[in-house]
Amino acid sequence: MFSRELTIIEATPLLGVSYRQAKRLTGRYRAEGRTALVHANTGRRSNRAVPEAHRERVLALVGTHYGGRVARGPGQRFGPTLAAEHLWTDHGVLVAASTLARWMRINADEIEQGTDGCGLPTFALALDAVADGCARFASVASQDGSAPAMIVQAMGGHPEFVAGTDCLDTELMRIAKGRLFAKVGAEGFYCAGVPSMKLGFALKVEDGAKRAAEAALLAVLHRMGVLSTDELSLMARYATPDILNTRQELVGHIRTRIEFE
């Protein structure tokens, strides 16, 4: 507008404001320059913001009692919902789970790195952080034309390039026909995401048994309505795998029992 290439009327839809607001902004710019276009509250702390001291105390309690990446028992890392419950019941500290989830975001410099069995770099994250990442990826993948949507489409169209042949990942994505993405990890780990539901999943079997991880993942997807009973039956060898003795005789099957908190 100020170079006279656009009129205020032409600039209004580009700015996403009303004609009246555009005129006010133009007047401010002419009187005070570019700084006048910055909202007066920019950089100021909200009057409804939680005091920083309270935030630091909450994070200290979470880190001491509910943090950690490897430890079990009292030091096991809790997700924000469970941590918020324990903060109230154990310490009398009330904080919304949604607020705690925002505060507990992992900083990049806190992520531990290693090397996986293929020689590629890998990263150590808590399960809830992986599930959250899958959910965020799935959420964006629900938007047609987005980069995550194209990745999920490619994974569903060529699942054998994700994990190879004769693998649950491959059969699952092929049977689901693009409705989800899934990836196996080492030592009984699996993660998955469902764009249409904007959901993410991550699980880890404590003893690292892959056979339990496959059955657990399928049970969760079926329980959540992502997979139909007919689709689940097509993957019976993963959903209810055989148990063989040392003589390779069939002695039972693995069965799952899912309980959501």
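Going through ALA212, ALA202 one at a time, which residue ends up being among the small types (Gly, Ala, Ser) and within 16 Å of the chain's Cα centre (by Cα)?
The conditions single out ALA202.
Could you tell me how many of the residues in region 220-255 are within 24 Å of the chain's Cα centre (by Cα) and in a loop (DSSP other than H, G, I, E, B)?
5
If I go through region 78-111 residue by residue, how many of them are at pLDDT below 75 and more than 16 Å from the chain's Cα centre (by Cα)?
So the count comes out to 2.
The values are calculated or read from the model by the stated rules, or taken from the named source; none is laboratory data. Only a predicted model underlies this, so the values are computations on that prediction, with no experimental measurement involved.
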